[in-house]
Amino acid sequence: MKLRFRDRIALFNTLAAAVATLLVFLVVYGVVYYSAFHHLDQDILNEQEEVVANLHWKGDSLIINRMPEWDENEHKQVEVNPTFLQIVDQSGHLVFRSANLQSEHFLFHPSLEQPSFLNSQINGKRIRLGQFPIRNDSMQILGQLTIGVSQEESAIVLNNLRITLLIAFPLVLLVLYLATSLAAAKGIAPVQQLIRASTGIDDSNIERRLPLPGHKDEIYLLAKAINELLERIEAGINREKQFTADASHELRTPLSAIRGTLEVLIRRQREPGHYEEKIRQVILEVDRMNQLLNQLLQLARLETHTTPLQYETVYLAPLAGEVLNTWQQALAEKKMQFSLHIPEDAFVQADRGFLSIILDNLASNAIKYGQPGGKLAITWDPARQSLDVKDDGPGISPDQQPFLFDRFYRADASRNSNVQGTGLGLSIVKKLAALQHIRIEVISSDKDGATFRLYFSSPASLS
């Protein structure tokens, strides 16, 4: 059976209340039941003291004298609060019984040594019995005294109480269910308001936000969390739109160059050398497109976490040397000097392949923006557990640094002057660093070049 949320709340609260109410009713009934029988037993004990005080014995024989106690009305009546008396000797022979017993007699335990109470009937009426051994001065048992009192009034009280509780129990549960259902409906009204507000939000109006309740309770926190989620979704949608626009722009540039080159070639017949030159230009543009597509594919894999990490001990000096060897020609063309300040025994725990891509992109970035005849330095600081990649280019202004790792972002002004690139390299660096718990920091000003610093976690924190 499928119930609405408010009905489930009401049902579960009613079940809990039913258990609590049942326990209370049982306790009330138990207290009344005990009180009723305790009162009867106390009356029997009082009567027993009066009767025993008027008994006499000689040796091991009971002597029954006629006394005012036997003539009391309560020992003659059967219908109105009667008290029944019966005395038997140790042999079980009847010694005395009150007039209201008429021809009846009580069952008794002949060898009873301690007072005992039990329920019985006489003439179809419920009575409470108390049996007491009669002892002489030598504590010898001479017989048994049985006293009975009417239990009808107590039985009527207990029966009425049972009926009352049985009727009250379902009524109380019904009232509790209705009250809880109304309270639950009022309690979840803000949630229903949030549902109505959220159902009208889609990608066309993602900028809308849910109204925040006046009270800063759990509903307020829920609405706030949903609004924060909507902000992240909106930012993601905007990033995807920007990404699509940027990717289209980056692809359009080489395609336009290729189309323009081919259109020039077909206008008229040219020398073979001219064709070769234009074909090389087309190949360069195709390579640029291929590089862009490879980087986009790599970013997509990183964002979907489909590339597994393989941590290992990576010695930094050999790895940095391998990276710089791949850029020897570019360094030679710009007449740049490079220096490695990394001890041979310096190592980190990282994915070697991913770390190689990070250093390759940072070295490429430093060479692109470094001054002709300038310097490129890679330095390890064991105290900070950091690796610096430094160039002596025009630097990066502080207002541009927060956007360096955005896709397709390229710093403007002198740092972007006549520099070829896709604007994806630093985005890949950021993703790969985050996957390996490497913190990256940019240290730069407008004129002093740029330093990209990688902070590595200690091996113990990765284990």
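Spin-label model, T326/R280: points 7 Å from Cα along the beta carbon direction are separated by 2.4 nm.
Using the Karplus relation 6.51 cos²θ - 1.76 cosθ + 1.60 with θ = phi - 60°, the per-residue 3J(HN,Hα) values for region 155-167 come to 5, 5, 4, 5, 5, 4, 5, 4, 4, 4, 5, 5, 6 Hz, with x marking Gly and Pro. Using a Förster distance of 45 angstrom, determine the FRET efficiency expected from the C-beta separation of A197 and Q310, and round it to 0.05. About 0.45, to the nearest 0.05. Convex hull volume of the Cα atoms of region 128-229, normalised per residue: 232 Å³. The alpha-carbon of K390 sits under 28 angstrom from the alpha-carbons of these lysines, leaving out residues fewer than 8 places away in its chain: K334, K335, K368, K375, K430, K431, K447. In this structure the amide hydrogen of L142, modeled in the peptide plane, comes within under 5 Å of the amide hydrogens of I134, R135, N136, none closer than 5 places in sequence on its chain.
Under 5 Å between amide hydrogens, built in the peptide plane, is the criterion, and for L424 it picks out F408 among residues at least 5 positions away or on other chains.
Rounded to the nearest Hz, the phi-derived 3J(HN,Hα) couplings of region 91-100 under the Karplus curve 6.51 cos²θ - 1.76 cosθ + 1.60 (θ = phi - 60°) are 8, x, 7, 5, 9, 7, 8, 5, 4, 6, where x marks glycine and proline.
Maximal additional length on extending the R259-Y29 stretch stands at 73.0 nm, based on 0.36 nm per residue less the C-alpha distance.
In this label model, L112 and R270 are separated by 13.0 nm, measuring between points 7 Å along each Cα→Cβ vector. Spin-label model, A18/A245: points 7 Å from Cα along the beta carbon direction are separated by 6.2 nm.
In straight-distance terms, cross-link reach from K224 covers every one of the lysines whose alpha-carbon lies under 28 Å from its own, apart from those fewer than eight places away in the same chain; here that gives K186, K216, K241.
Each 5 Å bin from zero holds the following percent of Cα-Cα pairs in region 91-163: 3, 14, 22, 21, 16, 10, 7, 4, 2, 0, 0.
Coordinate-derived values only; no laboratory data. Since the structure is predicted, the reported quantities are computational estimates derived from the model, not experimental observations. Using ideal geometry, Cβ is built from the backbone for each residue, glycine included, and neighbour counts are taken over all protein chains shown.
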